[in-house]
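Peer 1: For reference, the structure I am asking about is given below.
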Amino acid sequence: MKLLTILFFSFYSIFAQTNVQETQIIDGVVHKRIVNQSDTLVINILKVDIKRPDLTIRAVKANELLGTKETTSQMFERYRLSGFDVIAAINADFFEADGEVVSNMISNGEIVKAVKFSDSPFNELTNSQLAVDNNDNLFIDQFVYSGNLILPNGISEEINRVNSKPDSNSIVLYNRFQGKITPDLPKDWFVVDFVMFPLSSTGDTLIYLTNGKTTFRNFEVPKDGLVLSANNKYGHYLDREIQVGDTIKIVNEFSPKIRNLKSLVGGWPVLVKDGQNMIRRNHSLEGVTEKFSENRHPRSGIGFSADKNTFYMITIDGRQQSSRGMTLLEFANLMITEGIYYGLNLDGGGSTTMVINGKVVNNPSDATGERLVGNSLLIIRE
């Protein structure tokens, strides 16, 4: 599609020479590019009218697997080749060396990962996350997983994690995002796995039929079902309570409670809340370190307007002569200036990438080019 440039201007002042170009990508989506030559900044902003019925946000996991990585443009292209009309993409959450994201994640209504506490080494609680429901309503908060298993006798037991290595004496769920088999666990643990296939669902309550039961390790995870895994005291307990053929209820919820979550993706930290610069209020918000906050780096972030009608994706190039990057304080100020009322910092540095119509529009800072990352956010036209 030919891009329509709707605004281009330059202005000069004593302090800065700035070029601003706004380009309409499609109806409801505008790309704004800011090049400040004297202050050495290159900024890309995508503004999306998310209340249009033909536009939606989707969180996408690299290769649809918890422990793998892809570039943001590879995720864009993979979805495009699958038949989706993908308009744009931005890299998203912080991730481990193997690509596992550190926070909760939901993709198209399916849980990719769910934990009570993030795996971030800097934050003892949980990182902030962007949530999108089925009506494309937007939320930023510190979401905590709250899952429950309802046994055939009606007793409810806590589910501790989804697709994440368990602690001792816990209950965990594994679905297709985990991969082919359940993860390695200590050899001295007693582990029992139940293979379950969906029967029906009502809201956040899913009803499953127990199809198999095993104490073998590294058990196969069905693509269209899940494995309920319990270890040690919970392993012995559920081994007695659940039999093949039993019907089990699973309730997957997050606190604060928002029904019908379509996408959930983490970041760190929240930068703007109720139109206020949160970094100005607290430089160590969510365990942010001074080096991470006050040094200038490439940055990625998302946000939305006060009326929640406009969704923003932002990248700041950095670590290069043409663009120095930003501190978190500067990044939050930029968000507020652009009209963001709630804003969240995403993984930055060499991960910072924005793709529009299949083209990387920013300049990633790694010498090797675009970095492999754990997940991305896509804008899709339906």
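Peer 1: Scan the stretch 288-295 and tell me whether some residue there is more than 19 Å from the chain's Cα centre (by Cα), modelled with pLDDT under 95 and open to solvent by less than 10 Å² (accessible area, probe 1.4 Å).
Peer 2: yes
Peer 1: Can you pull out the residues in the stretch 287-342 that are among the basic types (Lys, Arg) and under 20 Å from Asn36 (Cα atoms)?
Peer 2: Arg296, Arg299, Arg319, Arg324
Peer 1: Checking Gln243 against (1) touching a Lys or Arg at 6+ places or on another chain (Cβ under 8 Å); (2) open to solvent by 10 Å² or more (accessible area, probe 1.4 Å); (3) within 26 Å of Arg58 (Cα to Cα), which single condition isn't satisfied?
Peer 2: Every condition holds for Gln243 apart from (3).
Peer 1: Let me ask something additional. If the requirement is being more than 23 Å from the chain's Cα centre (by Cα) and touching a residue at least 24 places away in the same chain (Cβ under 8 Å), which of these qualifies: Thr247, Thr202?
Peer 2: Of the residues listed, the single one that is more than 23 Å from the chain's Cα centre (by Cα) and touching a residue at least 24 places away in the same chain (Cβ under 8 Å) is Thr247.
Peer 1: Kindly provide the set of residues from the stretch 296-326 that are within 22 Å of the chain's Cα centre (by Cα) and among the hydroxyl-bearing types (Ser, Thr, Tyr), ordered by number.
Peer 2: Ser300, Ser305, Thr310, Tyr312, Thr315
Peer 1: Continuing with this model, one more query. Touching a strand residue (DSSP E or B) at 6+ places or on another chain (Cβ under 9 Å), open to solvent by less than 10 Å² (accessible area, probe 1.4 Å), over 22 Å from Asn108 (Cα atoms) and basic (Lys, Arg), is that true of Arg371?
Peer 2: No; evaluated as a whole, the condition is false for this residue.
Peer 1: Evaluate the following for Leu377: is it buried (at least 21 other Cβ atoms within 10 Å of the Cβ) and not small (Gly, Ala, Ser)?
Peer 2: The answer is yes for Leu377.
Peer 1: List the pairs whose first member sits in the stretch 313-329 and is over 15 Å from Asp366 (Cβ atoms), whose second member is acidic (Asp, Glu), and whose Cβ atoms are under 7 Å apart, counting only residues at least 6 apart or on separate chains?
Peer 2: Close Cβ pairs (under 7 Å, with a partner that is acidic (Asp, Glu)) amount to Thr327/Glu294.
Peer 1: Residues of the stretch 304-325 being surrounded by fewer than 24 Cβ atoms within 10 Å (Cβ to Cβ) and closer than 17 Å to Phe292 by Cβ, which ones?
Peer 2: Passing the criteria: Arg319, Arg324, Gly325.
Conditions tested, residue by residue: (1) in contact with an Asp or Glu (Cβ under 7 Å, 6 or more places away or on another chain); (2) β-branched (Val, Ile, Thr); (3) modelled with pLDDT of 95 or more.
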| residue | (1), (2), (3) |
| --- | --- |
| Tyr12 | no, no, no |
| Asn19 | no, no, no |
| Ile25 | no, yes, yes |
| Leu41 | no, no, yes |
| Glu70 | no, no, yes |
| Ser73 | yes, no, yes |
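Peer 1: May I pose another question? What strands (runs of 3 or more DSSP E) lie completely within the stretch 229-327 and have 1 or more residues being under 20 Å from Ser128 (Cα atoms) and touching a helix residue (DSSP H, G or I) at 6+ places or on another chain (Cβ under 7 Å)?
Peer 2: Filter on the stretch 229-327 gives 270-273, 299-304, 310-316.
Peer 1: Which of (1) in a strand (DSSP E or B); (2) without any contact (Cβ under 8 Å) to a residue 40 or more places away in the chain does Thr337 not meet, given it meets every other one?
Peer 2: (1)
Peer 1: Could you say whether any residue in the stretch 149-172 is open to solvent by less than 20 Å² (accessible area, probe 1.4 Å) and in contact with a Gly (Cβ under 8 Å, 6 or more places away or on another chain)?
Peer 2: Yes, the conditions are met somewhere in the stretch 149-172.
Peer 1: Check off (1) of a type in the set (Asp, Glu); (2) open to solvent by less than 50 Å² (accessible area, probe 1.4 Å); (3) closer than 20 Å to Pro183 by Cα for Glu110 and give me the number that stays unchecked.
Peer 2: That leaves (2) as the condition not met.
Peer 1: Kindly provide the set of residues from the stretch 183-231 that are buried (at least 18 other Cβ atoms within 10 Å of the Cβ) and of a type in the set (S, T, N, Q), ordered by number.
Peer 2: Thr210, Ser229, Asn231
The values are calculated or read from the model by the stated rules, or taken from the named source; none is laboratory data. Note that the structure is predicted; figures quoted are calculated from it, not measured. Ideal geometry is used to build each Cβ from the backbone, glycine not excepted, and the neighbour counts take in all protein chains shown. When the accessible area is computed, the model is the full protein with side chains, heavy atoms only, and any ligands, DNA or RNA have been set aside. Shrake-Rupley method; radii C 1.70, N 1.55, O 1.52, S 1.80 Å.
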